[in-house]
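Data first, discussion second: the structure below is written as structure tokens.
The values are calculated or read from the model by the stated rules, or taken from the named source; none is laboratory data. Computed from a predicted structure; not experimentally measured. Heads up, the Cβs are rebuilt from the backbone with ideal geometry, glycines too, and the neighbour counts pull from every protein chain shown.
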Amino acid sequence: MKATAEKLEKNEVLLEIEVDDERFSKALNRAYKKIAKQVNIPGFRKGKAPKVMIDRYVGQEAVYHEVVEDVFPSVYQEAIEKTEISPIGQPEVEKIQAEEGKPLVFKLKVPVKPEVNLGQYKGFDIEKPAVEVTDEDVQQELERMQNRHAKLVSVEEGELADGDTAMIDFTGYVDGEAFEGGHAENYPLVVGSSSFIPGFEEQLVGMKINEEKDVTVTFPEEYHADNLAGKEAVFKVKLVGIKRKELNPLDDEFAKDVSEFDTLEELKTDILNKLREERERQANAKVNREALEKAVEEAEVEIPDVMIENRLDEMVSNMENRLRTQGIQLEQYLQYTNSNIDDLRDKMREDAHTTVLQELVLDAIAKAEGITATDDEVETEIAMMAPQFNKEPAELKLTLEALGDLKMVKEDITRRKTMKFLMEQANVIEKAAE
């Protein structure tokens, strides 16, 4: 197979593919056999009609159409790899030559990634935040663990306080009428969690068990229910119970209960190390971001609209999948937020543009520096991905290859390596700890 790519204007190439005679001949035979099984030709059983009769009854044009349908997907993919072009949209057919006695030829206009004119991308001065973990940081993390593992115990006497769980019965009224969804019994509400309408939880503080109270609040202007948005409401509330966290003492027994360590000191040391690792990761991520941002500022590239729209399609699809895992449909989300799909895409457009721009610059730097994903790195990446899909690495690789997604894995590895390269090439200035 021969393939050439001629650069045209506006990020397009003219891709010409010539299929070798042997491949064309095999595809032609497959087409005749397939059509023979599908049509009834007088005097012949299905699948037994000779080529000359198929040409007479069906026509060579139909046969060659079948050949094109059979051959095009594979030869197009091979031509992309051979010419090393990066399509960003569907090809536009300029010409197909499929005639007896002539080679099978495709001429296509293909939209491709724009060229990036790189500026400076090495030697930037970038300040790295100091990585410091104090005893207070460790203590705060211990207290968070203490709260996560606290027991909720019922309080028989006293007043409801911030942080308590209030067990409440309530009915909400707007303009003197009870509204749908505004009633519940024995509802657990953590005071201070900000999970109710603003101002509701604060008015419960100080209540005693079996006390009743009218709580007046105003629904937000952008509340998902149009009939309540911006309206003042009165909730008749009865406090039927109080539950309060009972904290376990921070000692060796606590460490044994919540971790694999036998002593509190061992747990503290582990927390210290993990906090330091996380802050080191965050500091390096900041350096990475700034190095990339500076390289992007120095580069020049014109991004085709189709790349932004394609990225928006991906972002909306990813969001839809995330919502679905929470039992929410995208249509419901849009209704709750009083918006539509166009509003959502507009909100995402700036992020889509930034991401596409950064990827284009990273790809250009990778090409300039000869940075690629090795076979071993791809195998390692697939092995790490496999458990998420409940597949063996070899099986997942075959799936990725069949779907054409293996290229995305390689691109992701290459971009991470390029990010690391940018960081290594920067003049990183370590900020002193305060």
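Taking region 116-136 as the range and being in contact with a helix residue (DSSP H, G or I) (Cβ under 8 Å, 6 or more places away or on another chain) and either farther than 23 Å from A432 by Cβ or modelled with pLDDT of 95 or more (or both) as the test, the residues that pass are V116, L118, G119, Q120, Y121, K122. Here K417 meets each of (1) basic (K, R); (2) closer than 22 Å to E302 by Cα; (3) at pLDDT 95 or above with one exception, condition (2). Taken as a whole, the condition of being assigned by TED's automatic domain parsing to the domain that holds T418, closer than 22 Å to P87 by Cβ and outside any helix (DSSP H, G or I) applies to E302. With the condition kept exactly as written, say whether any residue in region 129-139 is surrounded by 11 or more Cβ atoms within 10 Å (Cβ to Cβ), touching a residue at least 24 places away in the same chain (Cβ under 8 Å) and polar (S, T, N, Q). No, because not a single residue in region 129-139 is surrounded by 11 or more Cβ atoms within 10 Å (Cβ to Cβ), touching a residue at least 24 places away in the same chain (Cβ under 8 Å) and polar (S, T, N, Q).
Annotation: L275 fulfils all but one of (1) assigned to a loop (DSSP other than H, G, I, E, B); (2) at pLDDT 95 or above; the unmet one is (1). Residues that are within 29 Å of L247 (Cα to Cα) and not hydrophobic (A, V, I, L, M, F, W, C) do not occur anywhere in region 111-129. Within region 306-353, the residues that satisfy the criterion of being surrounded by 13 or more Cβ atoms within 10 Å (Cβ to Cβ), assigned to a helix (DSSP H, G or I) and of a type in the set (S, T, N, Q) are N310, Q335.
Restricting K367, K391 to those that are in the same structural domain as R415 (by TED's automatic domain parsing) and either in a helix (DSSP H, G or I) or in contact (Cβ under 8 Å) with a residue 40 or more places away in the chain (or both) reduces the list to K367. Selection of first residues in region 397-418 that are assigned by TED's automatic domain parsing to the domain that holds T355 and in contact (Cβ under 8 Å) with a residue 60 or more places away in the chain and of second residues that are assigned to a helix (DSSP H, G or I) and surrounded by fewer than 18 Cβ atoms within 10 Å (Cβ to Cβ), restricted to Cβ pairs under 8 Å at least 6 apart or on distinct chains, gives the following pairs, ordered by first then second residue: G404/Q77.
So that you can scan it fast, the table gives a plain yes or no per residue for (1) within 30 Å of L264 (Cα to Cα); (2) under 39 Å from the mean Cα position of the chain (by Cα); (3) not acidic (D, E):
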{"residue": "N186", "(1), (2), (3)": "no, yes, yes"}
{"residue": "P198", "(1), (2), (3)": "no, yes, yes"}
{"residue": "E222", "(1), (2), (3)": "no, yes, no"}
{"residue": "A229", "(1), (2), (3)": "no, yes, yes"}
{"residue": "G241", "(1), (2), (3)": "no, no, yes"}
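This table checks each residue for (1) surrounded by 15 or more Cβ atoms within 10 Å (Cβ to Cβ); (2) not in a helix (DSSP H, G or I).
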position	(1), (2)
A3	yes, yes
L15	yes, yes
R23	no, no
L28	yes, no
Y32	yes, no
M53	yes, no
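Remark: pairs (first residue in region 323-349, not assigned by TED's automatic domain parsing to the domain that holds P220; second residue assigned to a helix (DSSP H, G or I) and aromatic (F, W, Y); Cβ separation under 6 Å; 6+ apart in sequence or on different chains) = L323/Y333. Starting from region 1-12, keep only residues that are touching a residue at least 60 places away in the same chain (Cβ under 8 Å), then list their pairs with residues that are assigned to a loop (DSSP other than H, G, I, E, B) whose Cβ atoms are within a distance under 7 Å, requiring at least 6 positions of separation or different chains. Within 7 Å, the pairs are M1/D20; A5/I85; N11/P114; N11/P304. Report yes if some residue within region 188-203 is touching a residue at least 24 places away in the same chain (Cβ under 8 Å) and among the polar types (S, T, N, Q); otherwise report no. No, because not a single residue in region 188-203 is touching a residue at least 24 places away in the same chain (Cβ under 8 Å) and among the polar types (S, T, N, Q). Among the residues examined, A373 qualifies as touching a Ser or Thr at 6+ places or on another chain (Cβ under 6 Å), hydrophobic (A, V, I, L, M, F, W, C) and either farther than 27 Å from I308 by Cβ or outside any helix (DSSP H, G or I) (or both). Just for region 77-125: of the residues that are aromatic (F, W, Y) and in a loop (DSSP other than H, G, I, E, B), which one is surrounded by the most Cβ atoms within 10 Å (Cβ to Cβ)? Checked region 77-125; the qualifying residue surrounded by the most Cβ atoms within 10 Å (Cβ to Cβ) is Y121.
Checked across region 95-112, the condition of being outside the structural domain of E293 (by TED's automatic domain parsing), among the small types (G, A, S), without any contact (Cβ under 8 Å) to a residue 60 or more places away in the chain and in contact with a helix residue (DSSP H, G or I) (Cβ under 9 Å, 6 or more places away or on another chain) holds for at least one residue.
The test for being surrounded by 14 or more Cβ atoms within 10 Å (Cβ to Cβ), outside any strand (DSSP E or B) and outside the structural domain of L330 (by TED's automatic domain parsing) does not hold for F170. When the test is whether a residue is over 39 Å from the mean Cα position of the chain (by Cα) and in a loop (DSSP other than H, G, I, E, B), A178 does not pass it.
Of everything in region 34-51 that is part of a helix (DSSP H, G or I) and touching a Phe, Trp or Tyr at 6+ places or on another chain (Cβ under 9 Å), the residue that is surrounded by the fewest Cβ atoms within 10 Å (Cβ to Cβ) is K51.
Taking residues in region 271-296 that are more than 25 Å from Q358 (Cα to Cα), and partners anywhere that are surrounded by 14 or more Cβ atoms within 10 Å (Cβ to Cβ) and of a type outside the set (K, R), the pairs with Cβ atoms closer than 6 Å and at least 6 places apart or on different chains are I271/V138; I271/E141; L272/V133; L272/V138; L275/V133; L275/D137; R276/V133.
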